[in-house]
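To start, the structure under review is shown below, and the notes come after it.
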Amino acid sequence: MSLKNYFLLFVLFSTIPLFAQTTSLKNSPPLEEAAPKNVSMSSERLGLIDSMAIAAINQNQVPGMVALVAREGKIVYYKAFGKGDAQISKPLERDAIFRIASQTKAITSTGLMMLWEQGKFQLDDPISKYIPEFENAQVLDTLLPDGTYKTIPADKPITIRNLLTHTSGIGYGEIDGDARFKKIYQEAGITDLFTTKSVKIGENIKKLAQLPLHHNPGEKFTYGESIDVVGYLIEILSGMPLDVYLRTHIFEPLGMSDTWFYLPKEKQERLVAVQTYNDNTWKNYKGGFYDVDYPKKGDNTFFSGGAGLSSTAIDYATFLQMYLNGGELNGTRLLSRTTVDVILSNQIGDIWAGSGSYHGLAFSVVNAKGTEMGGKGSPRTFEWGGYFNTQYFADPAEKLIGIIMKQTQDIPNDQTTWKFRQIVLSAIDD
């Protein structure tokens, strides 16, 4: 081989790993704390979050929480309240680590869209082009008493866009709203959400691909394991395990040092316990179909793109700030502004008509009707939450982020989520 060809190969292979995130012409500073008045926020009104949090804890709505508010890249409120473990009398700290569950979805979807920017796939490609097991998808017709079922052929292939928008028809097993799918997934041995067992996402997704769909692709919104499929697709397209890909191309570039599928030993003591309230007291939740200690025990092999991450309020705020900056933070660009616009656009048509929101390629997004309903933010405010009672929103028009982190299960009277958001939006003082 000639010296010229060696040089070309060197250039090719030395630049491929760096392409997903690039040095930007723009250089927005990392998040830092500042006085609320510096970004036209009322400190007096933000103080109502203190009152709300203390009242909620006294009323046993929640055992504790961390709340963060940022505007124009400045953190103007960042406090912890209550306790993070029913068995330890220790105050919850601001840097506490929470299981963020479905807040993982936006991060995984972002990772895939970074590969889309490199020309690795088209949004309307059938997923079977990359995962052949999804060829000839079937829709559930009848579940028989003996556990077998009848299906009919889907009228079209599942596309990558269907996966990102939860319109693929793929269900959610243990937490599926349809008992038939819960039974089918159980009998097929599908791993849902979290596990301490030695399972890899590739083997799980290949089994999932053989199971029936709720409906024809693109027909309805069905919350399910679509983003777990996206996580496996990232592994195929990038040639990297999902945890390594996200750390290399999102977490390290953004400085999200406390975001992990499985926590390093030195961080494990900061993991908040999941709590539930019964017999007039808070107790650490033992879990049902999963071990609540999954972020710090077990075989550490199952990287669920839809639910597996744990993180902090400040780390997740950093991720959201990158979006508010149009895909860039601290001089590193993860996404083009034009790609962010695509991600935040309506990708599901009229499926959520009248609800005040639509779904894009990573988030639920508020529309004009949602703004008119009040308490939701400006049009294009994007939002989601997690299984263990964590929530966030980011309002591009107001350059505003709100995050509230809790770790609870089976508590019906928590009013903190809507109150927090309403107070934050009302604290704008310009």
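The values are calculated or read from the model by the stated rules, or taken from the named source; none is laboratory data. No experiment lies behind these values; they were computed from the predicted model shown. Cβ placement follows ideal geometry from the backbone for every residue including glycine, while neighbour counts extend to all protein chains displayed. For the accessible areas, the whole protein counts, side chains as well, though only heavy atoms, and no ligand, DNA or RNA atoms are used. Shrake-Rupley method; radii C 1.70, N 1.55, O 1.52, S 1.80 Å.
Given the C-alpha centroids of region 252-325 and region 364-411, what is the distance between them in whole angstrom? Comparing the Cα centres of region 252-325 and region 364-411, I get a distance of 19 Å. For the chain, hydrophobic long helices are taken as DSSP H runs at least 24 Å long by C-alpha position along their axis with mean Kyte-Doolittle hydropathy of -1.0 or more; none is present. Protection proxy ranking for 370-378, 106-114, using the average of other Cβ atoms within 10 Å per residue and placing the highest first: 106-114, 370-378. Ordering 303-313, 319-329, 234-244, 197-207 by mean Cβ neighbour count within 10 Å, with the highest value first, yields 303-313, 319-329, 234-244, 197-207. Using a cutoff of 8 angstrom between alpha carbon atoms and counting only pairs six or more residues apart, the relative contact order for the chain works out to 24 percent. The apolar share of the surface of the chain, taken as the fraction of accessible area on carbon and sulfur atoms (1.4 Å probe, ligands and nucleic acids excluded), comes to 50 percent. Other residues with beta-carbon under 13 Å from the beta-carbon of Val230 carry, at +1 per Lys or Arg and -1 per Asp or Glu, a net charge of -1.
Take the chain with all the other protein chains still there, run a 1.4 Å probe, and you get 43 Å² of accessible area per residue. Helical content alone sets the calculated 222 nm signal of the chain at -8000 deg cm²/dmol, taking -39,500 (n - 2.57) per DSSP H segment of four or more residues and averaging over every residue.
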